[in-house]
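For reference, the structure is listed below as structure tokens.
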There are 2 protein chains.
Amino acid sequence: VIVDRLLSYLGHKKDLQQKKILITAGGTREPIDPVRYIGNRSSGKMGYAIAKAAVERGAEVTLVTGPTVLAAPVGVKVIAIETTEQMRLAVLAAFPDTDIVIKAAAVADYRPTETAPQKIKKTDDTLTLILQKNPDILKELGGLKKPNQLLIGFAAETHELLTYARQKLVQKNLDMIVANDVTAPGAGFNSDTNIVKLLYRNGSSEELPQMEKDKLAHVLLDRICSFV
Amino acid sequence: VIVDRLLSYLGHKKDLQQKKILITAGGTREPIDPVRYIGNRSSGKMGYAIAKAAVERGAEVTLVTGPTVLAAPVGVKVIAIETTEQMRLAVLAAFPDTDIVIKAAAVADYRPTETAPQKIKKTDDTLTLILQKNPDILKELGGLKKPNQLLIGFAAETHELLTYARQKLVQKNLDMIVANDVTAPGAGFNSDTNIVKLLYRNGSSEELPQMEKDKLAHVLLDRICSFV
């Protein structure tokens, strides 16, 4: 304990050295035409905070990110994408050589069935968009996961948070899910703080108090290190 | 000419002093549910550049802006909005007391007919969104415009640029329209430069070379000052 406290004064524990961590962050955009798109709210702050914390603890970090206003954390390999399918391809390419995946992105889960090559003129009073489901990246990773790989997901919900989070944990073969009610004050999109519950594979759970996303990033990595 | 050149060394001409200018910038977002939205690509750079340039020339500037990553120019009154209807209300409130309106925003011109109060669960393979036309703010201002007010619009197109821009100029009762082909390299969204054509109320037009948006902002204000 004394050594731990000393290290926390001197800098971060290097408990993720030689670990390859893949993190996703931000929202994705699905083009309707060259100017219009369907987007998903996500500032990217949580994913970027985890990427920064993981580098501080010695990990080799790849960050696959949708459009955000954030600067890339120093020492992180950043892969910028726009659509969910682009995120999927980047994640699948990196996955076989990855120890830990943390999917903090909030991807657009439906995309227009067709993308118009030119700007749609607003001639009609109504416009009907047919959307189709995007591939479920987390579920795909859950199916591919090897015993030596860890898969961590996020559930951002507006209602029935724990029910949906528990379902997601089981159906997608996750080791841990970070559940947050994005409608709560001090949590969710664009906030610098978050309030989350952690649900584990073994059925146990943990409720964390409101904290800065930078601090929460380290707590999440503490929990992940305890599985490694 | 010598005085002009001298002033351009010393600072900007104060040729917009006592003018009240209303500028719109950025794209708008139309919520589908609490996490998903329909967005319009626009970095806001052109509108912010005009706002900055107008303040430098002595104008009293109000900037109504959708979400962007840009810092508010010093000396500008900023009104942040998210949806097209919010932009409409802000613009209509300021309009009666405005000398010059420059609408550089690229608003979402369709919005979902209904906004779901809770996050839509992705249970179905397809999702049909019915969109309805948003109010046409520029056209509304064109109808309200007094003889002492100037109304400047932008046309961002991917094809048949001049045809659409000319139509827009006439139908919306504009004094000038700035037409740009957003698919051209060095023009459009997120670019720091732009390539535009200016179409005037009297039927004349002008083609400008590729230039920095900051420089273009001053050229646009030069043209506007020539009408005042």
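The values are calculated or read from the model by the stated rules, or taken from the named source; none is laboratory data. Please read these numbers as outputs of a predicted model, since none were measured by experiment. Quick reminder, even Gly has a Cβ in these numbers, built from the backbone with ideal geometry, and neighbours come from all protein chains shown. SASA here: full protein model, heavy atoms, side chains in, ligands and nucleic acids out. Shrake-Rupley method; radii C 1.70, N 1.55, O 1.52, S 1.80 Å.
Listing for the model above:
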{"read-out": "Spatially proximal aspartates and glutamates relative to A:K139 (Cα-Cα < 15 Å; intrachain offsets below 8 disregarded)", "value": "A:E85, A:D109, A:D175"}
{"read-out": "Relative contact order (percent, whole number), chain A, Cα cutoff 8 Å, 6+ residue spacing", "value": "18"}
{"read-out": "Range of Cα positions in the protein assembly as shown per principal axis (Å), largest first", "value": "74, 50, 37"}
{"read-out": "Amide proton proximity set for A:D33, modelled H, under 5 Å, gap of 5+", "value": "A:A116"}
{"read-out": "Check: chain B dipole with +1 on Lys, Arg Cβ and -1 on Asp, Glu Cβ, in debye", "value": "320"}
{"read-out": "Calculated from backbone phi, Karplus (6.51, -1.76, 1.60) coupling profile of the range B:122-130 in Hz, x at Gly/Pro", "value": "8, 8, 8, 6, 10, 9, 9, 10, 9"}
{"read-out": "Largest to smallest accessible area among B:H12, B:H159 [probe 1.4 Å]", "value": "B:H12, B:H159"}
{"read-out": "Selected from B:D181, B:D124, B:D97 as most flexible by GNM, with chain B as the system and alpha-carbon contacts under 10 Å", "value": "B:D124"}
{"read-out": "Per-residue ³J(HN,Hα) for the range A:183-196, Karplus 6.51 cos²θ - 1.76 cosθ + 1.60, θ = phi - 60°, Hz, x for Gly and Pro", "value": "8, 6, x, x, 9, x, 3, 6, 6, 8, 10, 8, 10, 9"}
{"read-out": "Residues of the protein assembly as shown: accessible area per residue with a 1.4 Å probe, Å²", "value": "46"}
{"read-out": "DSSP bridge pairs, chain A: antiparallel proportion in percent, nearest 5", "value": "40"}
{"read-out": "With Cα atoms, 0 to 90° folded angle of helix B:84-94 axis to chain B main axis", "value": "40"}
{"read-out": "Magnitude of the charge dipole, the protein assembly as shown, Cβ model with Lys/Arg +1 and Asp/Glu -1, debye to 20", "value": "300"}
{"read-out": "Ratio of Rg to Rh over the range B:157-228 (Cα coordinates, Kirkwood Rh, two decimals)", "value": "0.96"}
{"read-out": "Residue-level accessible surface for B:E212, protein heavy atoms, 1.4 Å, Å²", "value": "100"}
{"read-out": "Between helix B:45-56 and chain B: long-axis angle, C-alpha atoms, 0 to 90°, nearest 10", "value": "40"}
{"read-out": "Dipole axis of chain B (+1 Lys, Arg; -1 Asp, Glu on Cβ), positive-most option in B:V101, B:N173, B:Q132", "value": "B:V101"}
{"read-out": "Residues with amide H under 5 Å from that of B:L150, placed H, sequence gap 5 or more", "value": "B:I100, B:V101"}
{"read-out": "Helix-derived mean residue ellipticity, 222 nm - over chain B, DSSP H n ≥ 4, -39500 (n - 2.57), to 500", "value": "-9000 deg cm²/dmol"}
{"read-out": "Ratio of Rg to Rh over chain B (Cα coordinates, Kirkwood Rh, two decimals)", "value": "1.00"}
{"read-out": "In Å², nearest 10: area of B:D15 left accessible to a 1.4 Å probe", "value": "60"}
{"read-out": "Chain A: angle of helix A:161-171 to the longest principal axis, Cα-based, in degrees nearest 10", "value": "90"}
{"read-out": "Stokes-Einstein D for the range A:39-117, Kirkwood Rh over Cα pairs, 4 °C, 1.567 mPa s (µm²/s)", "value": "96"}
{"read-out": "Of B:Q118, B:A184, B:L70, farthest towards positive along the dipole that unit charges on Lys, Arg, Asp, Glu beta carbons give chain B", "value": "B:L70"}
